[in-house]
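These notes are about the structure you will find just below.
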Amino acid sequence: MVLLKISLSPNPRYPTRPKDIHLENLENLEKLQKEEEFIQKNSLSQQTGSTQVRTGACYSRSTIKKKKTLSPMLGLPLLSLVALAISPSYITHDQRLLRLRGGDRESTFAMLKPDVASDTHTVDEIKQRIAEAGLSIERERVCRLSRRRCGKFYAEHRTRPFYPALLGFMSSGPVVMLELSGESAIGAWRSLIGPTSTETARKEAPRSLRAMYGSDNTRNAAHGSDSPASAAREIRLMFQKPAWRRLEVYAGLAAAFLLTKRE
């Protein structure tokens, strides 16, 4: 057995100590020299950036900083909140979207007033008449309007003498709000409800909703948009989500963002 004492070329940054190595033949010596050269080359090439490999030790360590990514546990709720925030209740209604379905298909806003909305049987009968007229109910909401919201809805009648009485009546009980769609939906729904005056409706259109369920010009059972622009405005106003729901969505987005930043 031959005992050789060699000192391999030291690493310029991590110097190695002389080692006593017992070799049985020269082949083992050449193999060790190649391994030492390989370690030194890797050490020099990986000292750039933030990666460091210790030689002469039994471990390697990487300190590369990973780019922060969105955690899957936060990603799905965040996407859900974004989808909720940009739901159709927040997007301006566009009649052209409905026209893409073919023909003169359009959308209109319909509202059953407090004098009929509290009667379930009457509401069901009106819905049946809507279906028979070839109209579809896209959205429905039952609620009691505040006087302030009624004021926004009937803003165009603000200077009329009947305006205060109209606000008092419309905020006196629940209403049924509907978004209807179909071919020439605006004209079809207005034809179904009849003239504004109940007396006129009974003479000219006795089968109309106002003739059957209305009592005067104010308590006339139903409301219908008179133009595409009015329909778009009324749908946007009456189906918009309450302010506290919008704040809830924005608070959730902010919380998800802060949690992501902390990771």
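The values are calculated or read from the model by the stated rules, or taken from the named source; none is laboratory data. Model, not experiment: these values are computed from the prediction. Methodologically, a virtual Cβ is constructed for each residue, glycine included, from the backbone with ideal geometry; neighbour enumeration extends over all protein chains shown.
Details
- Applying the criterion of being modelled with pLDDT of 95 or more and out of contact with any Ser or Thr (no Cβ under 8 Å at 6 or more places or on another chain) to the residues of the stretch 173-186, the residue that is nearest to Leu135 (Cα to Cα) is Leu178.
- In the stretch 131-225, counting only helices (runs of 4 or more DSSP H) that sit wholly within it, the ones holding 1 or more residues that are β-branched (Val, Ile, Thr) span 185-193, 198-204.
- Residue match in the stretch 203-212 (condition: modelled with pLDDT of 95 or more, exposed (fewer than 15 other Cβ atoms within 10 Å of the Cβ) and touching a strand residue (DSSP E or B) at 6+ places or on another chain (Cβ under 8 Å)): no
- Qualifying residue in the stretch 113-121 (condition: under 30 Å from the mean Cα position of the chain (by Cα), assigned by TED's automatic domain parsing to the domain that holds Ser191 and touching a residue at least 12 places away in the same chain (Cβ under 8 Å)): no
- One residue from Arg158, Arg148, Arg141 being in the same structural domain as His223 (by TED's automatic domain parsing) and surrounded by 12 or more Cβ atoms within 10 Å (Cβ to Cβ): Arg141
- Only one of Arg160, Arg149 that is under 31 Å from the mean Cα position of the chain (by Cα) and among the charged types (D, E, K, R): Arg149
- Check on Tyr163, in the same structural domain as Ser225 (by TED's automatic domain parsing), surrounded by 12 or more Cβ atoms within 10 Å (Cβ to Cβ) and without any contact (Cβ under 8 Å) to a residue 12 or more places away in the chain: yes
- Residue in the stretch 198-209 that is in contact (Cβ under 8 Å) with a residue 24 or more places away in the chain and not aliphatic (A, V, I, L, M) present: no
- Condition check for Thr218: surrounded by fewer than 21 Cβ atoms within 10 Å (Cβ to Cβ), more than 14 Å from Lys113 (Cβ to Cβ) and polar (S, T, N, Q): no
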